[in-house]
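Throughout, read-outs are computed from the coordinates displayed, never taken from laboratory work. Fair warning: this is a prediction, and the values are worked out from it, not measured in the lab. Neighbour counts are summed over all protein chains in view; Cβ atoms, including those assigned to glycine, are modelled from backbone coordinates with ideal geometry.
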């Protein structure tokens, strides 16, 4: 299980997932899918699109990973988790084949999602890649639309140590004769996407050209403009919202959905949490003091987080911090402010970086603080220490964020 073990659980081919779905009768072939890859923003883009599609009265499946609190978060239809009974029945059904296939946790989960969405006859399935794209288990679908949100350095040991190498892996979701939407046009990654698209005759679209942001309003079309206040909170969410809206527009262009009204978009954004059970991104637990949980864990994400934090009117910054043990920290820790007070933790998974090692590494960057036995204890200590005008941020790993939310 990659979530717990890291690299040893990563399968670098699609052999197992193809074998699994064949046993199930290839359910993925009956699905109308949107496929989303990228370093940051995949989950948010997926959930915003799903919420708007739900407001249009469609039955929408969403597959994301990893989960925060409940395994079933990964597989949802109109915000409702797959039932425990459905999970059990699926696993019981494939157990006889697993001695031969030797499938990973992720491969089994992807097969489960495709099977469940097909049996429930969803209108559209929004599928987020796990790691990369080209060799990701989700990459056996032929989607209506592929979306690549952005590229940043992350998982370099598996995806490559440069932006173009990582972009090559993400570009693997671009399919023959199917449109691809680029969320952020970046100098180093864009040529990689264009090359792949030209090889498979895929038309390239750019979110930032399709959706305009002007004077605190988002312009979806000449008839539809939306106040910026509808964008979910957090530093990434303007780009993610624009990408999601551009994705909706492309589905309209293909006549896969009817034209979307301003009310459907507004309600989709306003009801994001209730429609989709969206969580863990700039999630505010308290306002006085401000307590925010976010799952930003790579260079691109943390850079934007601290840019946003620098604009907040706060007196003292408290940071609860934990990483996984395969995270390259030398570039990342340079973004953390030295004036903050740190609470070093490790999530309760085998893959967590020991808190003592994190503290030692952080001290090389003049980041000072204490270690705590659990995320809960660190959060309790930060709450005791923080004054009304202070801010507490939980950062570094989705697994640390998950424990702060329990």
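Before moving on, here are some points about what is shown:
- Exposure proxy ranking for 243, 162, 129, based on other Cβ atoms within 10 angstrom of each Cβ and starting from the fewest, stands as 162, 129, 243.
- Part-to-part distance (alpha-carbon centres) for region 271-344 and region 159-220, which is given in Å: 27 Å
- The mean of 1/r over all pairs of different alpha-carbon atoms in region 179-243, once inverted, gives a Kirkwood hydrodynamic radius of 13.1 Å.
- Beta bridges from DSSP with both residues in the chain: antiparallel share about 30 percent, rounded to the nearest 5.
- Sorted by Cβ neighbour density within 10 Å, fewest at the top, the residues 320, 218: 218, 320
- Dimensions (Å) - the chain, Cα atoms, principal axes, largest first: 57, 54, 41
- Selected from 19, 197, 125 as most flexible by GNM, with the chain as the system and alpha-carbon contacts under 10 Å: 19
- In plain terms, if you count all Cα to Cα distances in region 244-363 and split them into 5 Å steps from zero, the share in each step is 2, 8, 15, 17, 15, 12, 10, 8, 7, 4, 1, 0 percent.
- Taking the DSSP bridge list for region 283-405 and keeping only pairs wholly inside it, about 25 percent are antiparallel.
- In terms of its C-alpha gyration tensor, region 81-148 comes out oblate, because a/c is 1.5 or above while a/b does not outweigh b/c.
- Inter-label distance for residue 162 and residue 120, nm, one decimal - labels placed 7 Å from Cα along Cα-to-Cβ: 4.3 nm
- With the helix formula -39500 (n - 2.57) applied to DSSP H stretches of n ≥ 4, the chain reaches a computed 222 nm mean residue ellipticity of -11000 deg cm²/dmol.
- Of the beta bridges in region 315-371, as assigned by DSSP with both residues counted there, near 10 percent are antiparallel.
- Three-way shape label, region 29-95, alpha-carbon gyration tensor, a/c 1.5: prolate
- Global form of region 287-333, assessed from the alpha-carbon gyration tensor, a/c cut-off 1.5: prolate
- Residue order, fewest to most surrounding Cβ atoms within 10 angstrom, among 230, 395: 230, 395
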